[in-house]
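I have placed the structure first, in the form of structure tokens, so that the comments after it can refer back to it.
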Amino acid sequence: MAISSTKTLRLQKYIADSGFTSRRKAESLIAAGKVKLNGKTVTRMGLKVDPAVDVISVDGKIVHRDYVDKLYILFHKPRAVVTTLSDPEGRKTVMDFFPMIKERIYPVGRLDYHSEGLLLLTNDGEMAHRVMHPSFEIIKVYEVKVFGAVGPHLLKNLKRERLFPEGPVRPRSVRVIRQLPGKTWLEFRLSEGRNREIRRLCESAGLTIDKLKRVAVGGLCIQSIAPGEFCFLSRGELEKKLGMRGKEFEPFVSQKRTIDVRRKGGPKGVYEVRAADDPYFLQYRKQGPGKLSYQR
């Protein structure tokens with residue numbers, strides 16, 4: 001469907017809506033002087049364009065004047081996969097799972113190399129912006145396995161607000177969903193969408209993560225989707241699952257019960273191991289090239 005000739009759009013929105021890239025990336029390209037309007041380089045944000053008259057190019061490539069068909073993909077990213085379009089180190093990327101799709105799609109947000117879970121891919125820049133921007137307050141649910149035991153004091157510490165350089169972050173909730181003899185599974189619910197927020201929250205409390213899995217975004221979940229598999233969604237389905245259609249919204253509710261950490265006992269050995277904030281576990285933090293990329 002062609003864009004109406006009577007409607008002007010902000011330049012970065014036009015680029016995103018045309019499926020060329022995300023709005024955030026479009027803004028970066030404009031700021032870097034890689035975008036031309038009618039043959040002239042522009043760097044000013046918010047510039048209005050008329051898609052029926054103006055010619056927009058990015059790095060010499062014309063941005064098509066017609067909307068492309070919008071694709072919305074719910075993907076279960078496996079571990080040891082990079083959330084990028086390509087990787088200079090030759091590692092497997094999320095795009096390797098979609099050779100049959102000819103349109104240019106891109107991931108909405110990121111999961112680091114060793115993390116797995118729910119990842120949306122699309123060519124709809126406007127929708128990508130709505131999913132990721134903190135102002136829309138879409139709840140994201142993570143299950144995180146940390147080394148050591150988590151008691152009442154640590155759990156309270158994890159729930160408090162942290163002040164990051166880009167702003168404050170406070171989890172909507174944190175609870176223990178499973179305690180193992182040497183490790184603890186936690187569930188985090190957050191809405192801010194800050195970079196690396198789960199890892200930064202855990203590290204600021206002295207915890208070391210063993211596994212991280214994003215299980216839900218809004219009402220979307222990956223319970224029935226195996227790692228490496230995906231399904232297509234319509235825009236209507238996506239809007240409904242993300243709470244963009246008001247009363248139709250049904251948020252994700254986990255069936256896993258909450259473990260009361262105030263009670264003594266539990267699985268054998270739980271209270272015999274070190275607390276999760278013990279410096280002993282720092283040796284298990286995976287960092288550096290080819291290991292763990294600290295991203296959201």
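Quick notes on this one:
- Candidate cross-link partners of K156 among the lysines, defined by an alpha-carbon separation under 23 Å and a same-chain spacing of 8 or more, comprise K140, K145, K183, K211, K213, K256, K264.
- When the P(r) is computed for the range 83-203, the part past 24 Å accounts for 39% of the Cα-Cα pairs.
- Only helices reaching 30 angstrom along their own axis (Cα) with mean Kyte-Doolittle hydropathy no lower than 1.0 count here, and not one DSSP H run of the chain does.
- The residues of the range 108-194 expose, per residue, 36 Å² of accessible area to a 1.4 Å probe.
- The candidates H133, H76, arranged from most to least accessible area with a 1.4 Å probe in the full protein assembly, appear as H133, H76.
- Per atom type, the range 119-236 shows carbon and sulfur on 51% of its accessible surface, probed at 1.4 Å.
- Springs join every pair of Cα atoms under 10 Å in this Gaussian network model of the chain, and among M127, M100, M244 the largest mean-square fluctuation is at M100.
- Result for the chain in a Gaussian network model with C-alpha springs under 10 Å: among I62, I138, I177, the largest mean-square fluctuation is at I62.
- Seen through its C-alpha gyration tensor, with square-root eigenvalues sorted a ≥ b ≥ c, the range 55-132 comes out prolate because a/c lies at 1.5 or above while a/b is bigger than b/c.
- Summed residue charge, Cβ within 9 Å of P227's Cβ, Lys/Arg positive, Asp/Glu negative: 0
- Correct choice for percent of Cα pairs over 36 Å apart that was computed from the model, options (1) 24; (2) 10; (3) 15: (1)
- Counting only DSSP H runs of at least 4 residues, each contributing -39500 (n - 2.57), and dividing by the residue count of the chain, the helix-based mean residue ellipticity at 222 nm comes to -4000 deg cm²/dmol.
- Share antiparallel - DSSP beta bridges, the range 88-217, percent rounded to 5: 95 percent
- For the options P279, P251, P88, a Gaussian network treatment of the chain with springs between C-alpha atoms closer than 10 Å singles out P88 as fluctuating the most.
- Cα-based Lys proximity count in the range 34-85, under 20 Å, for pairs eight or more positions apart or on separate chains: 7
The values are calculated or read from the model by the stated rules, or taken from the named source; none is laboratory data. Just so it is clear, the structure is predicted and the values come from calculations on it, not from any experiment. Cβ sites come from the backbone with ideal geometry, for glycine too, and all protein chains shown count toward neighbours. Heads up: the accessible areas ignore ligands, DNA and RNA and are worked out on the full protein's heavy atoms, side chains in. Shrake-Rupley method; radii C 1.70, N 1.55, O 1.52, S 1.80 Å.
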